[in-house]
Amino acid sequence: MKVVMFTHSVVSCWNHGNAHFQRGILRALAARGHQAVALEPVGGWSRSNLAEAIGEDPAPGFARRFPDIDRIDYRGFEEIEAALDGAGLVLVHEWTDPALVRRLGRMRARGAPFLLLFHDTHHRAVSAPEEMAALDLNGYDGVLAFGAVLAETWRRHGWADQVHVWHEAADLTLFKPHPQIPRSRDLVWIGNWGDGERGAELDEFLVEPVRALGLSATVHGVRYPEPARVALARAGIDQPGWIANADVPEAFARHRMTIHVPRRFYARELPGIPTIRMFEALASGIPLISAPWEDSEGLFRTGTDYLRVEDDPAMRRAMRAVLDDPAMARELARNGRETILARHGCEHRVDELFRIVDRMTAGHAHHSGHAPHSGHVTSVEAEAVSS
């Protein structure tokens, strides 16, 4: 099957963690013999910022690192139409330009032969419904939501059985242990500042415990404001800045533990949706301690695959336990990777995707009068804020 994925960028993951999962899916599809193509707009903010940060166009380096990913940079709709020729499945990520989202829906409504799915990987349906209101999904066959609570928001507003849960996952060809690398430092955290959505949480569960315990620690990420950088420095935390996602497994391997600090919306309004770094860390075989987060979907085995703490003192105790008990640390790492290998690789998500496609295709054949969805995403608008 030819699968076309509209993405903000697969070349750049600068402040754009969705690129991790999209790359993994494209690679898993290609490994199975499918024709998988990523379309990204010329001049996207993530790629532009990365080029500025590293002083060169990241595309050549990306092509060397990921020769199995086929992508097209588009400027106009003629390039897009050519790329869609022969497609059986089209995935449209929620960062796609609203005008293009609408135009693709019109194509499908007029009889384009591909299945058209909207891929929602953000909390904006709850936190910023006015932004989502700009997305007209008339003509779409369904929605892929990266968590059950987000999927339920879409169901309540007209999508019913046309919304499907599709969690992110780790690219298991990249994320694996590197036992040959010595664990020379105590803790690493990899994540962006998050526009203030977890500033207090990072102070409580990262900065203060590291300072109090005198740990050797590293933080990789971008968009940290000056006060945050100063606080990290005062705690003795190294700040190398941005790191390419493909280099993250080796960064994990150099450290004895990592932490999961979800953004506030995922900890409170949208429980059950972890950051993709949680999948990637567990796949890499590093012990992980999580700030408060409710695994409402049972994705992992809390207390077995990772440790969960409620506050700063509990985080300090957990960090000290991981450092002082190597056997416990090894067991945590082994258990976490076991769960990822069993359930949460990009290969698993490709299986899930094609099961969704098969059900939709069977439904279309059964209901010969079926038409793509005629609702509008603005049905999510005002009520979603109070959900």
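With +1 on the Cβ of every Lys and Arg and -1 on the Cβ of every Asp and Glu, and nothing else charged, how large is the dipole of the chain about its Cα centre, in debye rounded to the nearest 20?
720
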- Using the charge dipole of the chain (Lys, Arg: +1 at Cβ; Asp, Glu: -1 at Cβ; taken about the Cα centre), state which of 173, 116, 261 has its Cα farthest towards the positive end. 173
- Task: Assuming a ≥ b ≥ c are the square roots of the Cα gyration tensor eigenvalues, decide whether region 283-340 counts as rounded (a/c under 1.5), prolate (otherwise, with a/b larger than b/c) or oblate.
- Result: oblate
- Item | In sequence order, calculated HN-Hα J values of region 77-85 (Karplus, 6.51, -1.76, 1.60; Hz; x Gly/Pro) | 6, 4, 5, 5, 4, 5, 5, 7, 4
- Expressed as a whole number of Å, what is the distance separating the alpha-carbon centroids of region 315-358 and region 56-114? 32
- Item | Per-residue [θ]222 nm for the chain (sum of -39500 (n - 2.57) over DSSP H runs n ≥ 4, rounded to 500) | -11500 deg cm²/dmol
- Query: Separation between the residue 200 and residue 212 pseudo-spin-labels, each 7 Å from Cα along Cα→Cβ, expressed in nm?
  - Reply: 1.7
- Note down the nm distance, to one decimal, between modelled labels 7 Å out along Cα→Cβ at residue 78 and at residue 343. 5.0
- Task: Quick one: which residues, 5+ away or cross-chain, put their amide H under 5 Å from the amide H of residue 224? H built at 1.01 Å from N.
- Result: 193
- How large, in percent, is the carbon and sulfur part of the accessible surface of region 1-87 at a probe radius of 1.4 Å? 46
- Note on the structure: With label points set 7 Å from each Cα along the Cα-to-Cβ direction at residue 103 and residue 45, the distance between them in nm comes to 2.1
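What does the charge count around residue 285 come to, taking other residues whose C-beta lies under 13 Å from its C-beta (Lys +1, Arg +1, Asp -1, Glu -1)?
Overall, the nearby charge balance is +2.
Set the Förster distance to 35 Å, then compute FRET efficiency between residue 358 and residue 301 from the Cβ-Cβ distance, nearest 0.05.
The value I calculate is 0.75.
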- From the square roots a ≥ b ≥ c of the eigenvalues of the alpha-carbon gyration tensor of region 188-336, which class results: rounded (a/c under 1.5), prolate (a/b over b/c), or oblate? rounded
- Fully extended contour minus Cα-Cα distance, from residue 52 to residue 310, at 0.36 nm per residue: 89.0 nm
- Item | Prolate/oblate/rounded call for region 261-310, Cα gyration tensor, a/c under 1.5 rounded | prolate
- Message: Once you keep just the Cα pairs under 8 angstrom separated by 6 or more residues, what percentage relative contact order results for region 1-42?
- Response: 58
- Message: Given a 1.4 angstrom probe, I'd like the percentage of the accessible area of region 170-212 that is carbon and sulfur, rounded to a whole number.
- Response: 52
- Task: With log10 I(q)/I(0) by the Debye sum over Cα atoms at q = 0.06, 0.09, 0.12, 0.15 Å⁻¹ in mind, check [x] -0.25, -0.58, -1.05, -1.58; [y] -0.30, -0.65, -1.01, -1.30; [z] -0.23, -0.53, -0.94, -1.43 and report the label derived from this structure.
- Result: [z]
- Query: What residues have an amide H closer than 5 Å to that of residue 163, excluding those fewer than 5 places away on the same chain, when H is modeled at 1.01 Å from N in the peptide plane?
  - Reply: 143
- Amide H neighbours of residue 38 at under 5 Å, excluding residues fewer than 5 places away on the same chain, with H built from the backbone geometry, are 5, 70, 71, 72
- Could you state the accessible area per residue of the chain in Å², with a 1.4 Å probe and every protein chain left in place? 40
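Report the relative contact order of the chain, percent, no decimals, based on alpha-carbon pairs under 8 angstrom and at least 6 residues apart.
19
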- So, with +1 on the Cβ of K and R and -1 on the Cβ of D and E, and no other charges, what is the size of the charge dipole of region 22-80 about its Cα centre, to the nearest 20 debye? 340
- Within the chain, longest stretch clear of exposed GluC sites (Glu not before Pro) (DSSP loop, no more than 11 other Cβ within 10 Å): 57-309
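The values are calculated or read from the model by the stated rules, or taken from the named source; none is laboratory data. The model shown is predicted, which means the values in this text are computed figures rather than measured ones. When we count neighbours, we look across all protein chains shown, and the Cβ atoms used for this are built from the backbone with ideal geometry, even at glycine. Please note that ligands, DNA and RNA were not included when accessible areas were found on the heavy atoms of the full protein model with its side chains. Shrake-Rupley method; radii C 1.70, N 1.55, O 1.52, S 1.80 Å.
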